[in-house]
Amino acid sequence: YECVYLHAFETGSELKAGLARWITYYNTQRPHSSLAGRTPAEAYRRNGQSDHGGHAPHDLMIKQAA
């Protein structure tokens, strides 16, 4: 919602670029209250490693669903 509905993207390529920027911002700069004010990048990485055995949380969900 915070990206797609608030911007008037005119083409698919503009939408793709806009979403890429938003996802990068969301994961690396935007603090999350559910993560104690940390970004997802801060919450799920420790010393350059993931807290999930080297896998991003979405990777684990995909593997568990398979």
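The values are calculated or read from the model by the stated rules, or taken from the named source; none is laboratory data. Keep in mind that what you see is a predicted model, and the values were worked out from it rather than measured. Every residue, glycine as well, gets a Cβ built from its backbone with ideal geometry; the counts of neighbours run over all protein chains shown.
Remarks
- Residue match in region 34-52 (condition: in a helix (DSSP H, G or I), modelled with pLDDT under 55, among the hydrophobic types (A, V, I, L, M, F, W, C) and surrounded by 10 or more Cβ atoms within 10 Å (Cβ to Cβ)): no
- For region 10-22, the set of residues classified as exposed (fewer than 12 other Cβ atoms within 10 Å of the Cβ) and not basic (Lys, Arg) consists of 10, 11, 12, 13, 20, listed by residue number.
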